[in-house]
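What follows draws every value from the coordinates through simple rules; no lab data is involved. This one's a predicted model, so the numbers in the text were calculated from it and none came from an experiment. Cβ atoms come from the backbone with ideal geometry, glycine included; neighbour counts cover every protein chain shown.
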Amino acid sequence: MHDIQNKVGDALLKSLVQLKEQKGNVSLGDVGGIFMQMASSLHPTATEADQFMHQEIARLAQYIATAKKEIFVISSNDKSEAVITDASQHLDEVIKATEVASHNIMDAADAIQGAAAGLGGEKEKQIMDATNRIYEACNFQDLNGQRINKVIKLLNTIEEGVDKLNKLFNSSAEHIEAPKTDKPLSDAELLNGPQHSGLAPSQEQVDALFASLGEKK
Amino acid sequence: MTVNKAMSILIVDDYSTMRRIVRNLLTQLGFTNLDEAANGKEAIEKLQEKQIDMIISDWNMEPMTGFDLLKHVRADAKTKDMPFILVTAESKPENIIAAKQAGVSNYIVKPFSVDTLKSKIVSVIGAF
């Protein structure tokens, strides 16, 4: 840092000496002009950094557009070759398919419970317990649906962000919204969906926090 | 106080599979007077049409969340003391705190078991 300061000082002094020899007198404006020239010469990579960022963002936008086409264009087994190009539509189909499957599973569990009713004794209890575990396991459809919706929203957010940045570099007049400042969580910000299985609290931990908050008023 | 298993319970969730799971489990626990709504807005319409004694609701629904439904129920003099249990995947501390402050009776995180559902209902309305 000290070395840089010395170099800057030397360069400034040389410029001032040259200017005095040329003009005789050196004005304040002359000194300001020298500083401006030196500032732009000290940061030759500013424009390069901007260009690099612009290129990377444009490349990212292109990558997302290409990935959508490559990953989400499918053809069905039908000769009509239905094509799905919208990521959201594709994932919605996953949610619907798992919903149908869950209902089919529970239909079967209902039939088993119906057949077991009246058996009495330990056998009936075992069958009812087992079918209850089937119902409980069908929680997966709800949780997976919420996770998929979260992914869809994330994809849309990323795409919007990249589009905005891309437009920013292509149009100097583009207005970009200022980032949100810190404020209390809104109702919408409480909508997070299921956490990763390794991070989600247990019911016991939820109960402990709930109990610590005191009685309902 | 003896719990009246003929009490009317409204199950609110945007996933039909989840409504079915809760209905099945409540039926096994002996509750038979059950109704359903797919979101908070539909739940409010049900509340206006008939007597509801308890609500078991998801949080994350559109156009009206279970959290907004809870606030609506607690703001109405006719329903402000109604047992209201949230059954939801929202499990962060800020969610639990916000729900408690809004007046929720109890809080169940998904996935849940029939034993958990039973114990939370007992804690709210008494043993049965």
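Springs join every pair of Cα atoms under 10 Å in this Gaussian network model of chain B, and among B:11, B:52, B:44 the largest mean-square fluctuation is at B:44. Only Cα pairs under 8 Å and 6+ residues apart enter the sum, and on that basis the relative contact order of chain B stands at 24 percent. With the biggest extent put first, the Cα atoms of chain B measure 31, 31, 29 Å across the principal axes. Annotation: extensible slack from residue A:130 through residue A:20 equals 29.9 nm (criterion: 0.36 nm per residue apart, minus Cα-Cα distance).
Sparse packing (at most 16 other Cβ atoms within 10 Å of the Cβ) combined with a DSSP loop state is found for the following trypsin sites (Lys or Arg not before Pro) in the stretch B:1-88: B:5, B:50, B:78, B:80. Estimated from the Cβ-Cβ distance and a Förster radius of 41 angstrom, the FRET efficiency linking residue B:118 and residue A:164 is about 0.25.
A simple spin-label model places pseudo-atoms 7 Å from Cα toward Cβ; at residue B:76 and residue B:46 they are separated by 1.2 nm.
Taking 0.36 nm per residue of sequence separation and removing the Cα-Cα distance, the residue A:212/residue A:104 pair yields an extension gain of 34.8 nm. Taking B:66, B:40, B:30 in turn, the Gaussian network model of chain B (Cα-Cα springs below 10 Å) assigns the largest fluctuation to B:30. Cβ crowding within 10 Å ranks B:22, A:17 as A:17, B:22, fewest other Cβ atoms first. Ordered by the number of other Cβ atoms lying within 10 Å of each residue's own Cβ, fewest first, B:96, A:57 fall into the sequence A:57, B:96. In this structure, the residue pairs whose Cα-Cα separation is over 19 Å, taken from B:5/B:118; B:41/B:80; A:150/B:92; B:80/B:110; A:96/B:92, are B:80/B:110; A:96/B:92.
For B:112, A:52, B:84, the sequence from fewest to most other C-beta atoms within 10 Å is A:52, B:112, B:84.
For residue B:6 and residue A:151, the FRET efficiency from 1/(1 + (r/R0)^6), where r spans their Cβ atoms and R0 equals 56 Å, is about 0.85.
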